[in-house]
Amino acid sequence: METHLTAYILTVVKSSILILSTLFPIVNPLGGSPIFLNLTRDYSTETRTLLSRKIALNGFFVLIASMIIGTHILAFFGISLPVVQVGGGLLVITTAWAMLSHPEEHSPVAKTKPQNLSRKDLSTKAFYPLTLPLTVGPGSISVAITVGANEHHTVGPDLAALVSVVIGSALVAITIYLSYRSAERMEELLGETAMNVILRLSSFILLCIGVQIVWNGVNGLLVAAGLATHT
């Protein structure tokens, strides 16, 4: 009995670490923190901290839903994963292009008059666009759906798979919260000029990620139509 429990725990731990190591580079909260800071520039530190918490919670639930019921939702609506990638990738491209083309603002007045959001506006802003598509975007969702489908076949009992999904998603959510909450402090250490450079680079990388997501979706559609081979 004790040996079985130990093996069960080890399996869950390994699976949770696998989920974290797979999703963390895709979610990339460290790279997203300058973008988060730029989009919340007019908000107070307290509001930004609350947004960080809500984004982390939203990301947690989106990842769990994607891994547990993502394939079933897509099947119910008759939507294929490549279609999700194309649509979501276009959304990411649009958002990234808007940030790249947005002029730099150096307004000391805006910094001295931070805004506070109502609870309703806070929840809305936290989900779109800060959680979806900037933090947990179509790339993360498609990977999460794939990981979830794989976990149910490799972990074994459904309970073990469920525990692994919850722990792995929670670890990713913690990294999101810590990265976004530290974004303002990071700017203080690096300076505004360095953060603007990082923001432009992050926006460009986000644009490239969007293009890659669209290409993956288009390639998947072509393969499904028999017009291309899977690469």
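Nothing in this text is a laboratory measurement; each read-out follows from the coordinates by a stated rule. Quick caveat: nothing in here was measured; it's all calculated off a predicted structure. We place every Cβ from the backbone using ideal geometry, glycine too, and count neighbours over all the protein chains shown.
Here is the result for the stretch 122-222: no trypsin sites (Lys or Arg not before Pro) lie in DSSP coil with at most 15 other C-beta atoms within 10 angstrom of their C-beta. Counted residue by residue at 0.36 nm each, then reduced by the alpha carbon distance between them, the extension gain from Ile26 to Thr49 reaches 6.0 nm. If the segment from Ile9 to Lys120 were pulled out straight at 0.36 nm per residue, it would be longer than the present Cα-Cα gap by 35.9 nm.
Let me check I've understood the local charge: for Leu132, count other residues with C-beta under 14 angstrom from its C-beta, Lys and Arg +1, Asp and Glu -1. What total comes out? Once all neighbours under 14 Å are counted, the net charge is +2. In summary, the helical segments of the chain meeting the span-like criteria, namely a full DSSP H run, a Cα extent along the axis of 18 angstrom or more and a mean Kyte-Doolittle hydropathy of at least 1.0, are 2-27, 45-77, 81-101, 158-181, 192-224.
Pairs of alpha-carbon atoms within less than 8 angstrom and 6+ residues apart define the contacts here; what relative contact order does the chain have, in percent?
Details: 248 pairs, mean separation 102.9, N = 231.
Reported as a whole number, the value is 45 percent.
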